[in-house]
Amino acid sequence: MSENIVIKVDDVSKKYSRGLRHVMLYGMQDIGKNMLGLSSNPEILRDGEFWAVKDVSFEVKKGETLGIIGPNGSGKSTMLKMLNGIFMPDKGKIEIKGRVGALIEVGAGFHPMLTGRENIYVNGAILGMGKKEIDKKFDEIVEFADIGDFIDLPVKHYSSGMYVRLGFSVAVHSEPDILLIDEVLAVGDYAFQAKCFDRINYLKGRGTLIIIVSHDMNKIAQYSDNVIMLHEGKISKRGDTMEVISFFRIFMGKQYIKTSRVNSADFVGRFGSGDAEIVDAVLLDENGQPADVVYAGNRYIFNVSIVFHKDVDNPIVGFILNSSSKIRLYNTHSFSRGKKLGFFNKGQRIEVSYKFEANLLRGVYSLTPAISYSDGFNFYDCRNNLITFHIVDNGYAEGLVDLKANIAVKSDQKYEEF
């Protein structure tokens, strides 16, 4: 392992058993084989087992901050626990150089019957600190944790937030070469989180390697130099922070679309004389294929088929875009474009195409096609919210519409626009 590489994970896999019976059975079998000098094949899954992490490899250099993201159950926390030595990999190798400080679970390393004061010494020793070092830093640890007189109470009386305060304070004051942080920081209040990340910046500045596991993409984007996305125990994407975050958000958007259900009764309503009828509508991508997923910023075609049951002169065709909360975001029609469509015979069928750019942000939207009389007030047919769709975006903004805004920062030294 080269001098700058602090963590090297080489083809690491970890499997779990789904039930307690299998855990006990396989545990006894493995202990027996080890006593007899036999080895079990770690690459074979036995009945009831599954891979929590599978064939994962990566390297992290000194001073880097690596973000690890992924959906629930993707293996993020298992990977962090292997890096911390809580679990051993079933296959592969992990090499680590330096002292590791970890905040993986609320209260991990704390004894509930001991006081906060006593647990500082116990937890500090676990993190590799000697008694003299803890004595020297004790007041700083307590001040940073900001738990007041609770320091001399058994930690079983602490709230989850107090656990985090004390646990994080001990971990960062051990001045680790490597700091591992799981989602646990989300438990703390906003002010404490800000103080924690100030401390993380300080450690990063002095060369500490940091690995953050979080569902908060803003935190990942702000502090990570590189990101790894795990899915079903494997690396699905790695590299540039914003590129991987964008990939993850699109992936999760697709998953949301697959699992969510929109109640069509809340969306669809219909009215009109029926002399002209909207008989079909479909949303297509630029290549003319049905759009199962709608990506922010891409162009789409809303095709509507209309059949006339009577002779009709100069009808008006148009469509409305609504948000899921029934806010009208956009409306256009042939009359507003200064176009008269002319005369249509009974039985005639026409196709109307609305081409638009989906400058929208993540959410559920609907399209309403309509055909009205030439007066623009009375309708032949209007099908409210006939087509519903989900927008998948890159997460750079929040709200409903994408204004494609740029941010420019000018100072005496430079001008930057992004």
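Readers should treat all values here as calculations from the given coordinates under stated rules, not as data from a laboratory. As the structure is a prediction and not an experimental result, all values here were calculated from the model. FYI the Cβ positions are ideal-geometry reconstructions off the backbone, even for glycines, and counts take in every protein chain you see.
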(request) Report the one residue of Phe356, Ile181, Ser236 whose Cα lies farthest in the direction of the positive end of the charge dipole of the chain (charges on C-beta: Lys and Arg +1, Asp and Glu -1; origin at the Cα centre). (result) Ser236
(message) At a 10 angstrom cut-off on C-beta neighbours, averaged per residue, how do the peptides 283-295, 66-78, 135-147 rank from highest to lowest?
(response) 66-78, 135-147, 283-295
(request) For the chain, find the longest principal axis of its Cα atoms and tell me its angle to the long axis of helix 190-205, 0 to 90°, nearest 10. (result) 70
(request) Could you sort 206-219, 334-347 so that the peptide with the highest average Cβ count within 10 Å comes first and the rest follow in order? (result) 206-219, 334-347
(message) I'd like the GluC sites (Glu not before Pro) in region 382-418 restricted to DSSP loop residues with at most 14 other Cβ atoms within 10 Å, sorted by number.
(response) Glu398
(message) Test of understanding: in a Gaussian network model of the chain with alpha carbons linked when under 10 Å, which of Gly395, Gly274, Gly167 would top the mean-square fluctuation ranking?
(response) Gly274
(message) For Tyr202, Tyr300, Tyr16, which order do you get if you count the other beta carbons within 10 Å of each Cβ and list the fewest first?
(response) Tyr202, Tyr16, Tyr300
(message) Can you match Kirkwood radius over Cα pairs in Å to one of these, (1) 24.5; (2) 22.2; (3) 26.1, based on a calculation from the structure here?
(response) (3)
(request) Report, in degrees rounded to the nearest 10, the 0 to 90 angle that the Cα long axis of helix 116-126 makes with the longest principal axis of the chain. (result) 80
(message) Can you tell me how region 118-207 classifies by the Cα gyration tensor, rounded, prolate or oblate, using a/c under 1.5 as the rounded cut?
(response) oblate
(request) Would you calculate, for the chain, the mean residue ellipticity at 222 nm contributed by helices, counting each DSSP H stretch of 4 or more residues as -39,500 (n - 2.57) and dividing by all residues, to the nearest 500? (result) -8000 deg cm²/dmol
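Taking 41 Å as R0, compute the FRET efficiency from the Cβ-Cβ separation of Met113 and Glu3 and round it to 0.05.
0.40
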(message) I need to check one value: relative contact order of the chain, counting alpha carbon pairs closer than 8 Å and at least 6 residues apart, in percent.
(response) 14
(request) Please name whichever of Cys196, Phe138, Phe50 sits farthest to the positive end of the charge dipole of the chain, dipole taken about the Cα centre and charges placed at Cβ: Lys and Arg +1, Asp and Glu -1. (result) Phe50
(message) Quick check: the angle from helix 20-35's long axis to the longest principal axis of the chain, C-alpha only, nearest 10 degrees?
(response) 40
